[in-house]
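To start, the structure under review is shown below, and the notes come after it.
The values are calculated or read from the model by the stated rules, or taken from the named source; none is laboratory data. Since this is a predicted model, take the numbers as computed values, not measurements. So basically every Cβ, Gly included, is an ideal-geometry build from the backbone, and we count neighbours across all protein chains shown.
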Amino acid sequence: MSHKIVVTRSLPEDLLAPLHEQARLVVWPYEETPMPYRDLKQELQDADALFCNVTDTIDQELIESAPKLKVIATMAVGYNNIDIPVCQKHGIKVAHTPDVLTETTADLTFTLLLSSARRVTEGEALIKNNQWQTWAPFFHTGVDIYEQRLGIIGMGRIGEAVARRAQGFSMDICYYNRSRNETAEQELGAAYLSFQEVLSSSDFVCVQTPLTPETKYLLDRKALFTMKEGSVLINTSRGGVIDEQALYEALVDGPVGAAGLDVFEDEPISSDHPLLQLPQVTATPHIGSATVATRRKMAAMTVRHIQQVLAGGSPEYAVV
Ligand code: DGY
C-alpha cells in the first residue's frame, strides 16, 4: 500500500471501504469534533490525499507542509476554506461535490423562506412557552409568498433549483449574477436585473452565491438598507457574504423584515450573538445539504475523486 489518505472526520465504514482497499487511511476518530489543525498538519507531511470538509482550514502553511499531496477532495460544494491559488501553484488537484446537493439545499432554502414568511419558529415558541392566549384577527400575521417577487443573488445550480420551487408558488422571479443565465431566463422566466434592482424590488431575497474575495460582504450596510421595506432575506450559502452587524441593524432599524439563516461568519455561532436575540431571525445550524441520502452521495463522490486522482486521472468535479 503505497498511498496514505487523511480523512478529517469519522464516516460510516461502508463509505470509506473502497479507500481502505487501496491505501493506508488515517481517519480522525470523531464525527462531531473537527480534526485539530496541528494534527492535520502532522498527518499531511507524508500523505498523498486529503478528504476534508467545510470546517477544515486548508491554508498555505498546511499545503506547503505536505510535499507528497496530490489531491484535496472536500465533501462540500463550497471551497472558500481552501487556498486554491496555492494548490494550483503546487499542482495539487482540488475537487468538490456540486450537483448531488443541489435539490436538498434548495429544499432548505425554501424551508427557511416559508418559515420566515409565516413566522413558524416564533409561533412554536409562543405555544411552547405557554404564551398563546387566543385567536385574534391580526394575531401572528406574516407575509404572503404566493405571487410575491423572489430575488436570487447567484443564479447557479442551487439558485435555479430555488427558482423551480418558486414557480410552484407563482412567484415573480428575478436574479442577479456575474453573468446572465439563459436557462434561468428562458426556462424559469427569471428576469435579469442589477444587484440594486433585485434588492430594492424583491419581497424575498435568497443568497446563493459562493464566498470569494469578490463576494465577501456583498450584502453590506448599503446593500441591506436598499432592500424593500418588510422584505425577507435568506442565506444558505456562506455567512461571510453578509455583514452580520449590518444585517442586525437592517432588521432592527432598517427595511429587512425577517431573515432565515443557515450559515454564519463564525460557526458554530454563539447563542448570545445579537442576531439570535431577534424573534424575526430563523436560524438553522449549517444543514443545507444535511439529509442522509445527500450526505452519503457527497461522501461517495469525495471518495471517487480521491480514487480518480490516485489512479492518475482527473476528478469528476475539479476546482483546479
Ligand atoms: C457545502 O457543500 O458547501 C455545504 O455548505 C456543506 O454542506
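Below is a table of values for the structure above.
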| read-out | value |
| --- | --- |
| Residue check, ARG149 over 18 Å from the mean Cα position of the chain (by Cα) and at positive phi | no |
| Residue count for segment 303-320, restricted to those that are surrounded by 20 or more Cβ atoms within 10 Å (Cβ to Cβ) and either among the β-branched types (Val, Ile, Thr) or on the phi > 0 side of the Ramachandran plot (or both) | 3 |
| LEU188 vs. criteria of a type in the set (A, V, I, L, M), within 16 Å of the ligand (Cβ to nearest atom) and part of a loop (DSSP other than H, G, I, E, B) | no |
| Boolean, THR282 is modelled with pLDDT of 95 or more, in contact with a Gly (Cβ under 8 Å, 6 or more places away or on another chain) and surrounded by 18 or more Cβ atoms within 10 Å (Cβ to Cβ) | yes |
| Those helices (runs of 4 or more DSSP H) lying entirely in segment 47-154 with at least 2 residues in contact with a strand residue (DSSP E or B) (Cβ under 7 Å, 6 or more places away or on another chain), under 28 Å from ALA290 (Cα atoms) and within 16 Å of the ligand (Cβ to nearest atom) | 102-117 |
| Pairs where the first residue, in segment 1-26, is under 14 Å from HIS305 (Cα atoms) and the second is among the polar types (S, T, N, Q) and surrounded by 15 or more Cβ atoms within 10 Å (Cβ to Cβ), C-beta under 7 Å, 6+ apart | PRO18/GLN307 |
| GLN245, sole failed condition from (1) assigned to a loop (DSSP other than H, G, I, E, B); (2) surrounded by fewer than 20 Cβ atoms within 10 Å (Cβ to Cβ) | (1) |
| Residue within segment 198-209 that is over 28 Å from THR74 (Cβ atoms), in contact (Cβ under 8 Å) with a residue 60 or more places away in the chain, of a type outside the set (Asp, Glu) and buried (at least 22 other Cβ atoms within 10 Å of the Cβ) present | yes |
| Flag for THR294 being surrounded by fewer than 18 Cβ atoms within 10 Å (Cβ to Cβ) and either within 18 Å of the chain's Cα centre (by Cα) or not assigned by TED's automatic domain parsing to the domain that holds SER194 (or both) | no |
| Leading residue by the ranking (surrounded by the fewest Cβ atoms within 10 Å (Cβ to Cβ)) among those in segment 219-241 that are basic (Lys, Arg) and in a loop (DSSP other than H, G, I, E, B) | LYS228 |
| Checklist (1) surrounded by fewer than 18 Cβ atoms within 10 Å (Cβ to Cβ); (2) under 13 Å from VAL207 (Cα atoms); (3) of a type in the set (A, V, I, L, M) applied to ILE287, failing item | (2) |
| Residue within segment 158-177 that is crowded, with 20+ Cβ neighbours inside 10 Å and either modelled with pLDDT under 95 or of a type in the set (Asp, Glu) (or both) present | yes |
| Scan of segment 248-276 for residues that are buried (at least 20 other Cβ atoms within 10 Å of the Cβ) and within 16 Å of the ligand (Cβ to nearest atom), ordered by number | GLY260, LEU261, ASP262, VAL263, PHE264 |
